[in-house]
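Worksheet: one structure, shown below.
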Amino acid sequence: CGFLNFRMKESDMTQQKKRIGILTSGGDCAGLNAAIRAATYAAVERGWEVIGILDSTCGLMEKPYRIVHLTKEAVDGFVMRAAGTILGTTSKGSNSPLNYPMPDGSKKDRSIDFANAYHELKLEGLIVIGGDGSMGILREVSRRSGGIVKFVGIPKTIDNDVGGTEQTIGFDTAFAVATEALDRLQPTAASHQRVMVLEVMGREAGHIALNAGIAGGADVILIPEIPYKLDVVCAKLQKLRSEGRMHSLIVVAEALRDAGGKKVQTKYGDQVRYGGIAQVIAHDINAAIGAECRVTVLGHVQRGAAPTAMDRLVATASAVHAVDLIEAGQFDRMVIWKGRQVTSVPFDEALAKYHTVDVAKDSLIRTARAMGVCLGDA
């Protein structure tokens, strides 16, 4: 947390102003700091105090609480442009107050401890910048505490898979990074007459692959929502060769299942993560038609870039609206971006459906097919 790594003094704890809290939770992404900055500015302009909670909910799970007093000076323009989160974060579910790891190795429900900390700090509202999992955890903490913890959510994830919103914070940057990767792979593919297979993140949704594939001129885009057939993919590559183009670009979403319908994952300790489907695709293509393939896996590179202008815009507008919701006493709601406007919906509505690519309705599916892009099914 760098210059934010200090604890609040007792003298700062006097209840003279309205006080709100902010935390970031789940995987990091570009745009989080822009949201923290905007929420701080919007609150301070109202004469409020802003408390940053470090390392997601963990900051309130021990005493003294790991918190910081956010001011305009602490979240200047350099912060807005920075990747990651100055408040720190933890992965979804790890160190959750619902199932908190204790020193003896056991797990304990510490929802009341979190609620007590919220009450002791005299917070009148909490802004949670997270994905569907993180916000679901905080909702349950609030429920178990009898509604003591009141919060609003701002959706963020590079996967763009949170229901109710058109775009989450972090998606545009990840999409831009993947597109840039295709821009860099194209000339080397052409120089060596190779098939370049790019694996991108996205969890169970294919938004990054679909968007970057179209913007980056991919010949084949394979996403989890559309099961692929190897012979269809190979036929596309052979068609390109018959037309005189000996190189090609393939974008593969990490959660794509192999030709047999099996998930391709790697185990790290007791955790299982997606990864490796691009290697499978490349191997199968080489075996089927003898094409020379090379694989690039972007992985967390998609998270670490400086936020694009669009991510900064969405983050800033969303954070200001979150402060508006707290001022109006409208809690248990998630800010959404829709039609270049910010509004909000109840969490029940927002989290009711996981946002994957709607193959039947998404205009980008039609765009890809019209451009002759192979989606693996036909």
Near pairs, Cβ below 8 angstrom, 6+ apart or cross-chain, from the stretch 167-184 (closer than 12 Å to residue 249 by Cα) to any residue that is open to solvent by less than 20 Å² (accessible area, probe 1.4 Å) and assigned to a helix (DSSP H, G or I): 179/212; 181/212; 182/212; 182/213
Exclusive hit being among the hydrophobic types (A, V, I, L, M, F, W, C) and open to solvent by 50 Å² or more (accessible area, probe 1.4 Å), set 342, 359: 359
Residue list for the stretch 185-197, filter: within 13 Å of residue 250 (Cα to Cα) and either open to solvent by 30 Å² or more (accessible area, probe 1.4 Å) or without any contact (Cβ under 8 Å) to a residue 24 or more places away in the chain (or both): 186, 194
The one condition in (1) without any contact (Cβ under 8 Å) to a residue 60 or more places away in the chain; (2) open to solvent by less than 50 Å² (accessible area, probe 1.4 Å); (3) under 15 Å from residue 22 (Cβ atoms); (4) part of a loop (DSSP other than H, G, I, E, B) that residue 89 fails to fulfil: (1)
Test set (1) at pLDDT below 95; (2) open to solvent by 20 Å² or more (accessible area, probe 1.4 Å); (3) farther than 25 Å from residue 299 by Cβ; (4) not basic (Lys, Arg) - residue 111 fails condition number: (2)
Members of the stretch 117-152 that are touching a residue at least 60 places away in the same chain (Cβ under 8 Å) and open to solvent by 50 Å² or more (accessible area, probe 1.4 Å): 122, 124, 139, 150
Lone qualifier among 281, 326 - being more than 25 Å from the chain's Cα centre (by Cα) and either β-branched (Val, Ile, Thr) or on the phi > 0 side of the Ramachandran plot (or both): 281
First in the stretch 198-217 and over 17 Å from residue 354 (Cα atoms), second anywhere and among the acidic types (Asp, Glu), Cβ under 7 Å, 6 or more apart: 199/254; 200/254; 216/183
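The values are calculated or read from the model by the stated rules, or taken from the named source; none is laboratory data. Since the structure is predicted, the reported quantities are computational estimates derived from the model, not experimental observations. For neighbour counting, all protein chains shown are included, and Cβ atoms are generated from backbone atoms with ideal geometry for every residue, glycine included. Remember, those area values only see protein heavy atoms, side chains included, never the ligands or the DNA or RNA. Shrake-Rupley method; radii C 1.70, N 1.55, O 1.52, S 1.80 Å.
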